[in-house]
Structure formats: C-alpha cells, structure tokens
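What follows is one structure encoded as structure tokens, with my remarks underneath.
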Amino acid sequence: MTLFNSARTAIRNASIESPAVPLTSTTLLELFGGPKVHAGVAVTEEASLGMPAVWRAVNLIAGTAGSLPLHPYREVGDVRVKVTTGRAAQLLDEPHPDMTPFELWELMFGHLLLWGNAYFRVLRNRNGQVQELWLIHPGRVRAGRDSETGLKIYEVDRAPDPLFDEQILHIPGPGYDGVCGVSPIRAARQGIGLALAAERYGAQLFGNGSLMSGILQTEQRLNGEQADALKARWKAKVGGLDKAHDVAVMDSGIKFQPLSIPPEDAQFIESRKFQIDEVARMFGIPPHMLMQTEKSTSWGTGIEQQSLGFVKFTLRPWLTRVEQRLSRLLRDQAVYVRYSLEGLLRGDSAQRSAFYRELWGIGVYSTNDIRRLEDQGPVEGGDVRYRPLNMGVLGTEDSEEVPADV
C-alpha cells in the first residue's frame, strides 16, 4: 500500500486546489478567463453561475444525473446480470475516499456542463485494478495527442510529467476535434454576457434610486431639516392602507411629480426573460424547468411530454458518454456500466406503479423483481413470471379445456 499512498499524495499535490491560491481567486479567473464580451462583462465558467438560469440548469442536469443508480453488468449468455461484488462494483459504490458517489458524479457532470470536459486521476492497486477516481479541475488540464504515436496525453499543472490514458479518465463533451469537448459557456458567452450585464444593470437601477415613487417639488429653498420634515408630512398624509385612494392636500405651492420606469429601462425585464429561454435552449432544458412557465405547452402536449423529452433528448446523451467511458475503464473486469433510468420514477408513485404493472403483465418482471426494486424482501412463489392473454405461467401452453360454466 506504500506505492498506492504515495500516488495519492502525488495527486493531492498535482491536481487538488492549493489553499494558498484557490481556484476562485481573481488571478486564476483572469488567467483562465477570456476577454470581455460585447456586453462589457467578462464571462467565465465560474462567473456564469451568477446567472440564476445557468445555476438552475447546471444543478438540474448534474443533480438529476448524479442521483441515478449506476451499476456494472456482465453478459452471461443472452442474459444481462448485475454485478454486485468485485472490484467494479466496489469502485462504483465508493469511487472516492472522501466524497460520496452522488457528490462525485454531480461535480463531474458540473464540469462537463460548464467546461465541456471532466478529468479523473485514476489510482490503481498493485494488480493494476482501478482503486479510486479523483476529479481534477478542468482548468488545470491541457489535453492533446502525441504527434508521433497519436496517443492522448495530458498536462496537469504542477505535475512534473505528462500523463496518459492509463492514468487519466477523460470524459469529453461535444466537440469538433475528437479530443476535447467545447465549453458551452465559452460557446454561448455573448448571450450569457448579455444576461449578466442585464442583471448588473437592474441592480444598479434599484441601487441608484431610479425606482422612487415620485418627487415633491416647491419653489422655496429648503434646508435639510425642512426637506425631511416635508417628506415626513407627506408620508403621514398618504402612507398606510387607511389612506388608500384618499386625497392629500399640501400648502406652500408643493407639487407631487410621480415617477415611472422609462421605457428603455423597463425593457431590461423583457431582456432577462428572453435570456432564460436562451439558456434553456443552450442546455436543452424545457423552459418550465427553469421556472419559465409562460410557454409551458410549446413542446408536445404539455408539461409531462416536456419532462419526458428532457430525459430522452437531453439527459440520456450525457449519461451515455459517462457509461461508455467507465465501461472502457473497467473492461479488464469484463463488465459494462449502465445507469438505471428507473430511478427517475422514485418520486412518482403513480408512474412507478404503472411501469411495474406493465412489465409484470408481459413477463419481464416477477413479483420478487419488483419487490427488490422497492427495497423489500422476496415472498414465496414470487419468482414466477406470467405472460399475457390468459395470464398463464410463462413457458406453458394454453389450456384447451372449456370451463364448465360455459
């Protein structure tokens, strides 16, 4: 274990954030960030999370995907059997010594969604089997191909030597060079920059007092005490529910001039709504999942179809990327990795019941199969499977006898 512990120490030194120079420091943000966009703000992966729609989109996909059950399977003849013991099962149950599986996978999907790439440092035991997976911040890795061998190589800052596929698990997002994924934030930085600028503008609009209800005007010159007294008199006359729709009378030539948001200032509200739709389009999320419900029936027949489309067209491709990369990592164990999408039914008892009933009725699940999925013990005779038509025992012939009461 000495070799394994020294490797873990090397990982801490090479790829884990230094307390002296945290990743969120201004220096590193400037180093990894690009120039300002046309809206006048700098857009980085970290800064984009300041936009609530981006924060919600990343948390929605990363949290949902990270919470799904992830298991290794092995082909036994024509049957897929879930592997519950051995190195592969242990790795997926405890991939990291400190982080829970959900925390690790959620952070991995966050890296994919923001940087377009996720990198793990692979720690192996003396037999070469994968022991642990340590996430590396994407901003600390440069990936490419060796010009002579064509093999992928990785440069990690503060690591003395380049690393290779045996040492790095790289999960790329959509890209164009077959090596690295493209950061969605960098690809859509102009739209996100516009949203961040609109939010900053709105904060300044409120902060500089542009939303006062009105101005009291008089021809007389007032000192500070007189102005405060006048304001107090006005509030006393018009403040409170009991003064609603009442008429205020002021003397000394005082006039009240109501204020409203100028049309050009009010437009930023509509602009922010449009940017929510842009973020939803960028991440492939139905707008209602970002709390934008004005167009909740624009896809399919309603909310249910939009949610189904999110699973099929957005979530599934991300899951497939991770499944295939983990399967390649564990191919020495003769297993492949699959997410269980049935985990999405965990909070919907009606859909879960309908799902079980349908598969039970055609012989796919037995009673005990369903009970295991519901974390309940088996029952006697619960392993029998049934077939449709007359619900006879699966594998038997239909009875040709006519019932006596016919």
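Length gain on complete extension for the stretch Glu342 to Leu49, per 0.36 nm per residue less the alpha carbon to alpha carbon distance?
Roughly 102.5 nm would be gained on extension.
Give the peptides 175-187, 223-235, 133-145 in descending order of average Cβ contacts within 10 Å, highest first.
Most protected by this proxy first, the peptides run 133-145, 175-187, 223-235.
Between Glu219 and Asp146, what is the label-to-label distance in nm when each label sits 7 Å out along the Cα-to-Cβ direction?
Output for this residue pair reads 9.1 nm.
Quick one: dipole size for region 30-172, taken about the Cα centre, charges +1 on Lys/Arg Cβ and -1 on Asp/Glu Cβ, in debye to the nearest 20.
In debye, rounded to 20, region 30-172 gives about 180.
What is the packing order of peptides 150-158, 53-61, taking the mean over residues of other C-beta atoms within 10 Å and listing the highest first?
Those peptides, ordered most packed to least, come out 53-61, 150-158.
Coordinate-derived values only; no laboratory data. Computed from a predicted structure; not experimentally measured. A quick note on method: Cβ atoms are made from the backbone with ideal geometry, for glycine too, and the neighbour counts reach across all protein chains shown.
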